Amino acid sequence: EAPDWTVPFSWAAVTDPKGQAELFVVSQGRLVARVNDLDGGWSEPWTDLRPMMLGVLLPHPVPIGPDTHVTAVPGVGPFDGTDLYLTGGDGEVYLRRGWIRGEPELWQRLDATGFDLASKSPLSIVGRQIVARSQQGDLLIRDLEREVSFGGGWQTMDGPGFAVVAFAAEGSHDRLQLAVCGPAGQVSIGEHRSGEPVQWRPTHAEDGWQP
């Protein structure tokens with residue numbers, strides 16, 4: 001069943017290594033997907049993904065709330081699937097590595113204990129780094145390849161001097177470029193290198209314009 005486009009929703013889209021578009025939508029407690037045809041058409045229907053987590057005895061559903069956002073990162077090789085991320089309704093981050101249509105929907109939780117995840121804010125994935133925003137306006141970063149027991153949990157990044165209400169991240173896992181916006185329209189850009197503090201600098205327009 002197609003999403004109800006008249007109510008709030010989150011969406012993400014990627015192109016897979018074969019050139020097919022994959023569209024993911026979170027709406028009304030559901031995560032649905034649609035993949036286009038090789039000839040560019042859309043003959044395939046929407047599919048309910050029903051993301052699940054392994055439990056002690058039985059799998060249980062990933063909690064999808066009204067503020068849940070979906071983020072998608074396309075695979076690189078011809079046999080790689082799409083990595084999917086959800087900001088859960090319980091304040092945790094969930095990951096489905098290598099999603100391929102028709103395979104079991106078993107997800108893993110990236111424990112966000114220790115900070116209040118801003119579920120309304122999309123995640124940014126750069127290389128093996130994941131960047132999230134807290135409800136207090138802090139930015140946090142996590143290396144997906146490092147175990148938590150070896151310092152691979154969430155780390156609070158040095159802030160720009162104001163609470164962050166929106167952000168974007170690009171670059172590579174060892175050289176991250178950040179752009180952030182504050183509640184009063186402040187804008188700063190920063191660079192984060194592995195193991196070093198973020199180097200922030202404000203943006204100024206000659207005519208005094210602010211976004």
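The values are calculated or read from the model by the stated rules, or taken from the named source; none is laboratory data. From a predicted model like this one, the values you see are computed outputs, not experimental measurements. All Cβ positions, even for glycine, are placed from backbone atoms using ideal geometry, and neighbour counts span all protein chains on display. Remember, those area values only see protein heavy atoms, side chains included, never the ligands or the DNA or RNA. Shrake-Rupley method; radii C 1.70, N 1.55, O 1.52, S 1.80 Å.
Below, the figures for the structure above:
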| item | result |
| --- | --- |
| Lone qualifier among Val25, Val14 - being in contact (Cβ under 8 Å) with a residue 24 or more places away in the chain, farther than 13 Å from Leu86 by Cβ, surrounded by 12 or more Cβ atoms within 10 Å (Cβ to Cβ) and in contact with a strand residue (DSSP E or B) (Cβ under 8 Å, 6 or more places away or on another chain) | Val14 |
| Tally of residues being under 13 Å from the mean Cα position of the chain (by Cα), touching a residue at least 60 places away in the same chain (Cβ under 8 Å) and in a loop (DSSP other than H, G, I, E, B) across region 69-108 | 1 |
| Test: Asp39 is open to solvent by 10 Å² or more (accessible area, probe 1.4 Å), part of a loop (DSSP other than H, G, I, E, B) and of a type in the set (D, E, K, R) | yes |
| Failed item, numbered, when Ala179 is tested on (1) without any contact (Cβ under 8 Å) to a residue 24 or more places away in the chain; (2) farther than 21 Å from Gly195 by Cα | (2) |
| Within region 11-36, considering residues that are charged (D, E, K, R) and either in a loop (DSSP other than H, G, I, E, B) or touching a helix residue (DSSP H, G or I) at 6+ places or on another chain (Cβ under 9 Å) (or both), the one farthest from Arg109 (Cα to Cα) | Lys18 |
| Flag for Trp209 being among the hydrophobic types (A, V, I, L, M, F, W, C) and at pLDDT below 90 | yes |
